[in-house]
1. Evaluate the following for residue 189: is it part of a loop (DSSP other than H, G, I, E, B), touching a Gly at 6+ places or on another chain (Cβ under 9 Å) and open to solvent by less than 90 Å² (accessible area, probe 1.4 Å)?
2. What tally of residues in region 62-74 results from selecting those that are outside any helix (DSSP H, G or I) and either surrounded by fewer than 14 Cβ atoms within 10 Å (Cβ to Cβ) or of a type in the set (A, V, I, L, M, F, W, C) (or both)?
3. Any chance region 4-24 includes a residue that's of a type in the set (Val, Ile, Thr) and surrounded by 17 or more Cβ atoms within 10 Å (Cβ to Cβ)?
4. Among the listed residues 174, 196, 208, identify the single one that is on the phi > 0 side of the Ramachandran plot and of a type outside the set (S, T, N, Q).
5. I'd like to check something: does region 201-220 contain any residue that is touching a Leu at 6+ places or on another chain (Cβ under 7 Å), within 19 Å of residue 109 (Cα to Cα) and either open to solvent by 50 Å² or more (accessible area, probe 1.4 Å) or touching a residue at least 60 places away in the same chain (Cβ under 8 Å) (or both)?
6. Hey, can you tell me all the residues within region 158-210 that are more than 28 Å from the chain's Cα centre (by Cα) and hydrophobic (A, V, I, L, M, F, W, C)?
7. Pull up region 145-157, narrow it to residues that are in contact (Cβ under 8 Å) with a residue 12 or more places away in the chain and under 20 Å from residue 217 (Cα atoms), then point me to the one that is surrounded by the fewest Cβ atoms within 10 Å (Cβ to Cβ).
Amino acid sequence: MGLYSTYHIIFVALFLIILAALILVFKLALKTDKQRDIFIRCLGGLLALSLIFNRICITIWRDKGVGALALIPNSYCGMSNLLLGLFVAFGKRNMKAFHFFYYLALFGNVATVFYPTFLDQDDSFFFLPTISGLNHHALGVMLCIIMVLGKWFEPSFKNWYVFPLGICAYTVFGLFLWQDLGIEETMCIDQPIVPGTPLKWWFILLVGSALEVGFTFAYDKIKAHLQKKKGIEQAEPVEPVEAVETVEAVETVVPAEVVEPVENVEEEKTDKS
C-alpha cells in the first residue's frame, strides 16, 4: 500500500472534512468557555488514548524484538502526542510545556498525515499499526488547531528556549532507549528524519529552533503593533456634536389691568325725624 493510494487519498479527504466540522462545532455550537474547555480536554484525552492504542498494536503485530518495551513511544510525534494529550486533558491552558510539545506535534503530525512513511509496513491499509498511526497523527493536528481557537496556546518569544531544551531532553531519552534498552529508530538518532537523507535530530534542533525563534519574534512584534494601533484608534477624541439649543418661546402673559372696583357708597339718608 503506497503513498497517495486510493485509501490514503480517501483518508486525507475525510481528515479535512472532520477537521472542518470540528472547527464549525467549536465556533458555532459551543458558546461558553466552560463548554470549550471540556471539548478541548476530551480531545486531548482522545489523542492520548489513540496513541496508547497505536503502541499496543505495534507491540502485538510488529515484532521489534524488544517485547513490551515497544509500548514506549520512540518517535517525536508519538511522545509529543502522548504528552500533549495528557497535559491538555489534566493540565491548564497556556502551560510552558506547550511551547515545545505544540510545535513538534503540529508540524510532525501534518507531515505524517500528508506524507506517511509507514504505509508499506503491510499490504492492507487497515493493518492496525498503520491505520491507528494515521489516526493519532490526524487527531494531533485537530487538537493543535482547536487549542489555538480556544486560546489554550499562543506563541510567545519569551518562551523560545523551551523548544531547544525539549529537543535536547528527547535526544537524551532517545539515547537511553537505543543504547540501554535496545529500541531502534528512536528520536531520529539512529535513523534519518526522511529516508535517504542525512538529516537527523541535529537538524530539528538547529533549524527547528531557528524557525521557532524567528516565528515567535515576528508574532510578538506584529501583535504589539496591532495592539498599539488599536489603542491609538480607541484613544482618538470623538468630534463633539454641536448641541442645538432649542429656544422655547415662552409666551409672556401680560396680566390684564386690574381695575379696582369703585365702591359706590350710598349716603345714608338721615332718618326722618
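1. Numbers: part of a loop (DSSP other than H, G, I, E, B): yes; touching a Gly at 6+ places or on another chain (Cβ under 9 Å): yes; open to solvent by less than 90 Å² (accessible area, probe 1.4 Å): yes.
Yes, satisfied.
2. In the first step, residues of region 62-74 are kept if they are outside any helix (DSSP H, G or I); the result is 62-66, 72-74.
Now restrict to residues that are either surrounded by fewer than 14 Cβ atoms within 10 Å (Cβ to Cβ) or of a type in the set (A, V, I, L, M, F, W, C) (or both): 63, 65-66, 72.
Going through region 62-74 one residue at a time, the tally reaches 4.
3. Within region 4-24, the subset of a type in the set (Val, Ile, Thr) is 6, 9-10, 12, 17-18, 23.
Subsequent filtering for residues that are surrounded by 17 or more Cβ atoms within 10 Å (Cβ to Cβ) retains none.
No, the conditions are met nowhere in region 4-24.
4. Numbers: 174 fails: on the phi > 0 side of the Ramachandran plot; 208 fails: on the phi > 0 side of the Ramachandran plot.
The conditions single out 196.
5. Kept after step one, since they are touching a Leu at 6+ places or on another chain (Cβ under 7 Å), are these residues of region 201-220: none.
No, because not a single residue in region 201-220 is touching a Leu at 6+ places or on another chain (Cβ under 7 Å), within 19 Å of residue 109 (Cα to Cα) and either open to solvent by 50 Å² or more (accessible area, probe 1.4 Å) or touching a residue at least 60 places away in the same chain (Cβ under 8 Å) (or both).
6. Correct list: 172, 175, 176, 177, 178, 181, 183, 189, 199.
7. To start, the set of residues in region 145-157 that are in contact (Cβ under 8 Å) with a residue 12 or more places away in the chain comprises 145-147, 149-157.
Restricting the remaining residues to those that are under 20 Å from residue 217 (Cα atoms) gives 151-157.
On the way: 151: 13, 152: 23, 153: 23, 154: 17, 155: 19, 156: 16, 157: 16.
The selected residue is 151.
Each row is one residue, and each column tells you yes or no for (1) in contact with a helix residue (DSSP H, G or I) (Cβ under 8 Å, 6 or more places away or on another chain); (2) of a type in the set (D, E, K, R); (3) within 23 Å of residue 42 (Cβ to Cβ).
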site	(1), (2), (3)
73	yes, no, yes
87	yes, no, yes
92	no, yes, yes
104	yes, no, yes
115	no, no, no
145	yes, no, yes
164	yes, no, no
169	no, no, no
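The values are calculated or read from the model by the stated rules, or taken from the named source; none is laboratory data. None of the values given here were measured: they were computed from a predicted structure. Neighbour counts run over all protein chains shown; Cβ positions are idealised from the backbone, glycine included. What goes into the accessible areas is simple: the full protein's heavy atoms, side chains included, and nothing from ligands, DNA or RNA. Shrake-Rupley method; radii C 1.70, N 1.55, O 1.52, S 1.80 Å.
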